[in-house]
Each structure stands twice: as C-alpha cells, then as structure tokens.
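Okay, structure first, notes after.
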C-alpha cells in the first residue's frame, strides 16, 4: 500500500471518528447543563410554593383553591410538560395546577425521583415544609429534556453533515499535494538512465526529503563506482586473457603439426607454461573480484602470523624450488609479539603469498628472499634488480608490470596485497635497496596506516 493511500485512509477514518467523539462529548455536556438548569428551576419553584403556603396559611375546610386559567399571549409555552401540586398536612390536595393533579403524593419521599405518571416518565421534586407540614411537588416530563438536547445536537450535526465531506475532500487534496514531490522524485528515478552518474539536486526536494535524496546520491555514487570497477576489471581481464589464449592456440597448432619430436616437445612445454600462466591469471582475477566486492573493515580474531606465514610459504614453495631461491622467516625476540593485529587469516595469507610470490619471481637464480616480522610491521626483501623510482608510484595498479620484465605475471599480485592491507588498516611501501651505488634488492614494508 502506498504512503498516499495510507494517509488518505487515516484521514477518512480519523476525521469522522473525531467528529463522532465530539458529538458524544457535546451530548453528555448538553444533557448535564440542561438537567442542571431544569433541576434548579424546579427546586426554586417548590421552595417558593412552600413559602407561600407557610405565609398565607391553609384554606378553611371545604374551601377549594382553584388556579386561574392562563390568558393572553403564551408564546411557545407548552404547559403540559411541567406541573405543580401541593398537599396540606391532613392530606388534602390543593388544586393550584390542573396539570399537577396526576402527580402522586408519595409521603416520606424527599428530593428528586423519576416516576411514571399516566404511563409517561416524569422527574418530580418533593419538598415538605417543616413549619406547616404541607407538601409540594414540582414535576417535569423527561421527554422535554431529551427533546431539548436532541434539538441542540441537531443544530450542531446538520451543518457538519455538509461540511465534513467538504473537509475530507480538502484534506485528501492537501495530502496529495503534500506528497506530490515524492511522486515527482519517484518518476524522476524511474525515468533515470542506469548509466547516468549525475546526482539528484537536493535543493529541488522539500526539506523532509533532502536527507533521503542525499542518501540516494551517495548510493548512486557507490553503485556507479562499483559498476565502473567491474567494467574496468572486465575490460582489463579480457585484454590480459587475449594474449595467453592466442599464444596457447599458436603453440597448440605447432604441437599438432610438428613432425620433429624435439619440436613437438618444445611446443608442448610452452603450452604447459602458457596454461600455468593462464591458471594463475584466472586465480588472481577471481581473488581481485572477491576483494573488490568485500567492504568488511572490522575483524574480531587476532592474526596468527606463524600460521598465516607458514601457509603462504607453503603455497609459494613450488616456485622457490623451481628458481632455487631460499626463503627465510625472521621473528622478533622471544616474548615480543609480531605486529598485533585483528584480521582475517585467509586474506592476510593471500597478501603475504602475493608478496612472497613477487619477491621469488624477481629474485635471481639461487637468490635469497627474507620475510622479517617486527613488533610494528613486516618487511619482505629480495635480491632482484628493483623497480625504477619513476614507476614505483604505479606499483599496485591492476595489470601494471614494469617494462622489460622477463618473468611471467598478471600484474594483479600487488593490487591484491594493497587491497587486503587497506581492509586491515595497513599500508605498503616500496623501496629499492642499494649499496655503493649498486642495486642490491627490493624491499616491501607493511606497517599500520597513519590514518588508522
């Protein structure tokens, strides 16, 4: 259900409910005020009649008091709805009001009582004089009060019967107008080109919607960045895969057509090398793709560097043996932990494996690679020729390889290492090692990032 429909339903329910509640409260209040008014008049009338009987005394026996018939303009008076009756101490009735004759005397009753009179409900007030023992009753038909309350409520209800539908229509129109910017924003997003990176203008939205628009712009920016990363990775991967696949195809054709056993054996060896390079490239691409989609930056487990480094060394051992390169692991003195860090052991192992792999690949035959663990970092050194200073800024770019490299590679190893380091709040620095002006190796230093 849309927000507009919910608000309209809420208005359609709330407005009539509030109106009915107001009518109910008005009815109770009007009934209370009318009862208070009439009850006060009846008490005052009974007091006046009792005082008159005490002042003028009772008529002699045998003499009847006959009330005068009303004459002249009586306005809207309805005399049959109210009556007065009086009785002397000996029980004789004084006919002061013909309409009061049916009122019962009810000896001993004082105050207000509701009683039926000739089949009609009346409210009667009884007052007995302490001086003359005379008794006075003032009565009123209860229906008169209900008619007055009903007439008052009808005067309140009738205007609202015409005004309430108009009010509801105005409220519905106001809800639709208030939600119009939301509909405009929804239609703008619906018509938006998926490749459009331009953010939505927050100034064109109401103040209540600006935080939503800003959040949408941030989301669109992240989505556009992710799409751009995926597009670049796909394009670069397609470019990088084209060369080894073409070389494999060519070497395979040579192996198929070769008649000389030595020529066939050489072609098959090159096919094996190409397959190895292709397999490593695909593995690196998959690893990079997973890292690009992984935004986790907080970890709960402490890194077990001996276990992580052992796994990374085991994965790189085959390459070290092939190149006859020795790998040395150095640890801090006993009791000093190496680089305390909370992290993912698998990802940190992936980082060390790629750094070891690069160091072994670019070390000379029978060279030495050292991985030194320190309390504040990790240092990996090799005895390779190093990287020109002008190109060191590009180390870590995807698919970048320094010109003139004879060793096969995909150019993704350092990218993966940098990505894992960033996820763990680490930084990686590169440096050429020199002695007496001669290149003696290349050094990679892992340390805590300055912004961590």
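The values are calculated or read from the model by the stated rules, or taken from the named source; none is laboratory data. Note that the structure is predicted; figures quoted are calculated from it, not measured. Don't worry about glycine lacking a Cβ; one is built from the backbone with ideal geometry, like all the others, and counts go over all protein chains shown.
Mind telling me which of the residues 295, 300, 289 ends up being at pLDDT 70 or above and either farther than 18 Å from residue 353 by Cα or surrounded by fewer than 16 Cβ atoms within 10 Å (Cβ to Cβ) (or both)?
Of the residues listed, the single one that is at pLDDT 70 or above and either farther than 18 Å from residue 353 by Cα or surrounded by fewer than 16 Cβ atoms within 10 Å (Cβ to Cβ) (or both) is 300.
Only residues that are touching a strand residue (DSSP E or B) at 6+ places or on another chain (Cβ under 9 Å) and either part of a strand (DSSP E or B) or closer than 23 Å to residue 315 by Cα (or both): list them for the stretch 327-344, please.
327, 328, 329, 330, 331, 338, 339, 341, 342, 343 - these are the residues of the stretch 327-344 that are touching a strand residue (DSSP E or B) at 6+ places or on another chain (Cβ under 9 Å) and either part of a strand (DSSP E or B) or closer than 23 Å to residue 315 by Cα (or both).
Please state which of the following conditions residue 361 fails to meet, knowing it meets all the rest: (1) more than 47 Å from the chain's Cα centre (by Cα); (2) modelled with pLDDT of 90 or more.
Failed condition: (2).
Check 118, 146 and return the single one that is at positive phi and either surrounded by 11 or more Cβ atoms within 10 Å (Cβ to Cβ) or in the same structural domain as residue 31 (by TED's automatic domain parsing) (or both).
118
Going through 277, 231 one at a time, which residue ends up being farther than 30 Å from residue 183 by Cα, at pLDDT below 70 and assigned to a helix (DSSP H, G or I)?
277 is the lone residue from the list that is farther than 30 Å from residue 183 by Cα, at pLDDT below 70 and assigned to a helix (DSSP H, G or I).
Quick one: how many residues across the stretch 153-178 are exposed (fewer than 12 other Cβ atoms within 10 Å of the Cβ) and in contact (Cβ under 8 Å) with a residue 40 or more places away in the chain?
Selection size over the stretch 153-178: 0.
Given (1) in contact (Cβ under 8 Å) with a residue 12 or more places away in the chain; (2) out of contact with any strand residue (DSSP E or B) (no Cβ under 9 Å at 6 or more places or on another chain), where does residue 300 come up short, assuming only one miss?
Against the list (1) in contact (Cβ under 8 Å) with a residue 12 or more places away in the chain; (2) out of contact with any strand residue (DSSP E or B) (no Cβ under 9 Å at 6 or more places or on another chain), residue 300 comes up short only on (2).
Does residue 137 satisfy the condition of being assigned to a strand (DSSP E or B) and more than 60 Å from the chain's Cα centre (by Cα)?
Judged against the criteria, residue 137 is a match.
Can we say residue 136 is at pLDDT 90 or above and surrounded by 13 or more Cβ atoms within 10 Å (Cβ to Cβ)?
Yes; evaluated as a whole, the condition is true for this residue.
Would you mind finding the one in 172, 157 that is assigned by TED's automatic domain parsing to the domain that holds residue 90 and in contact with a helix residue (DSSP H, G or I) (Cβ under 8 Å, 6 or more places away or on another chain)?
Sole residue among the options that is assigned by TED's automatic domain parsing to the domain that holds residue 90 and in contact with a helix residue (DSSP H, G or I) (Cβ under 8 Å, 6 or more places away or on another chain): 157.
Identify the single condition in (1) touching a residue at least 40 places away in the same chain (Cβ under 8 Å); (2) closer than 30 Å to residue 215 by Cα that residue 198 does not satisfy, given that it satisfies every other one.
(1)
Among the residues of the stretch 179-192, are any surrounded by 12 or more Cβ atoms within 10 Å (Cβ to Cβ), over 25 Å from the mean Cα position of the chain (by Cα) and at pLDDT below 80?
No, the stretch 179-192 contains no residue that is surrounded by 12 or more Cβ atoms within 10 Å (Cβ to Cβ), over 25 Å from the mean Cα position of the chain (by Cα) and at pLDDT below 80.
Table: residues versus (1) assigned by TED's automatic domain parsing to the domain that holds residue 439; (2) at pLDDT below 85; (3) in a loop (DSSP other than H, G, I, E, B); (4) surrounded by 14 or more Cβ atoms within 10 Å (Cβ to Cβ).
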{"site": "266", "(1), (2), (3), (4)": "no, yes, no, yes"}
{"site": "308", "(1), (2), (3), (4)": "yes, no, no, yes"}
{"site": "321", "(1), (2), (3), (4)": "yes, no, no, no"}
{"site": "346", "(1), (2), (3), (4)": "yes, yes, no, no"}
{"site": "373", "(1), (2), (3), (4)": "yes, no, no, yes"}
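Only one residue in 208, 203, 144 is modelled with pLDDT under 85, assigned to a helix (DSSP H, G or I) and within 30 Å of residue 51 (Cα to Cα), so which one is that?
144
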